[in-house]
Amino acid sequence: DNFYLCRSEGELIGCGGHNMKDELGILSWYIVHPGYHNKGVGRRLVEYNMAELKRKGYKRIRVRTSQFTDKFYEKFGFILMHIEKDFWAKGIDLYEMEMDVSASL
């Protein structure tokens, strides 16, 4: 529903957004150019979208990711809820993570 692009000097360096389902805010499709990893691009995208979901009154936020990026989302306070082997592709598992933001509203 809401998708944002990050650019640096005209070059697309990252993207990500959020949507809503019932009473759940969902982070979706976060991608950062490898040359910009560990430079705060992903963090800024996630923080912006989380703030938008909180502003809209969502008390729980979910993200569906993999074993390759779950540690990134743990830094924000997301908790692993469910793993499904080979969900995205062979060797790439679904890591469903969730966060309760009701205390910070």
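The table that follows gives values for the structure above.
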{"item": "³J(HN,Hα) computed for each position of region 2-16 - Karplus, 6.51 cos²θ - 1.76 cosθ + 1.60, integer Hz, glycine/proline x", "result": "10, 9, 10, 10, 10, 10, 10, 6, x, 8, 6, 10, x, 7, x"}
{"item": "Extension gain, residue 1 back to residue 22 (0.36 nm per residue minus Cα-Cα distance, nm)", "result": "6.2 nm"}
{"item": "Relative contact order computed over the chain (Cα-Cα under 8 Å; 6+ residues apart), in percent", "result": "21 percent"}
{"item": "Distance in nm between pseudo-label sites at residue 8 and residue 76 (7 Å out along the Cβ direction from Cα)", "result": "2.0 nm"}
{"item": "Heavy-atom accessible surface of the chain: percent carbon and sulfur, 1.4 Å", "result": "53 percent"}
{"item": "Phi to ³J(HN,Hα) by Karplus 6.51 cos²θ - 1.76 cosθ + 1.60 over region 63-72, Hz, x for Gly, Pro", "result": "9, 10, 9, 9, 5, 8, 10, 4, 5, 4"}
{"item": "Region 84-96 - phi-based ³J(HN,Hα) in whole Hz, Karplus 6.51/-1.76/1.60, Gly and Pro as x", "result": "10, 4, 6, 5, 7, 5, 4, x, 10, 8, 7, 10, 9"}
{"item": "Other-chain or far-sequence residues with amide H under 5 Å of residue 6's (modelled H)", "result": "13, 14, 15"}
{"item": "About the Cα centre, charge dipole magnitude for the chain (Lys/Arg +1, Asp/Glu -1 at Cβ), debye", "result": "240 debye"}
{"item": "Longest site-free stretch - the chain; sites: trypsin sites (Lys or Arg not before Pro), DSSP loop, at most 16 other Cβ within 10 Å", "result": "1-38"}
{"item": "Calculated log₁₀ intensity ratio I(q)/I(0) where the Debye formula runs over C-alpha points of the chain, q = 0.11, 0.16, 0.18 Å⁻¹", "result": "-0.34, -0.72, -0.89"}
{"item": "Where the chain is the region considered: accessible area per residue in Å², 1.4 Å probe", "result": "64 Å²"}
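The values are calculated or read from the model by the stated rules, or taken from the named source; none is laboratory data. Please read all numbers here as calculations on a predicted model, not as lab measurements. Don't worry about glycine lacking a Cβ; one is built from the backbone with ideal geometry, like all the others, and counts go over all protein chains shown. These area figures cover heavy atoms from the full protein model, side chains too; ligands, DNA and RNA do not enter into them. Shrake-Rupley method; radii C 1.70, N 1.55, O 1.52, S 1.80 Å.
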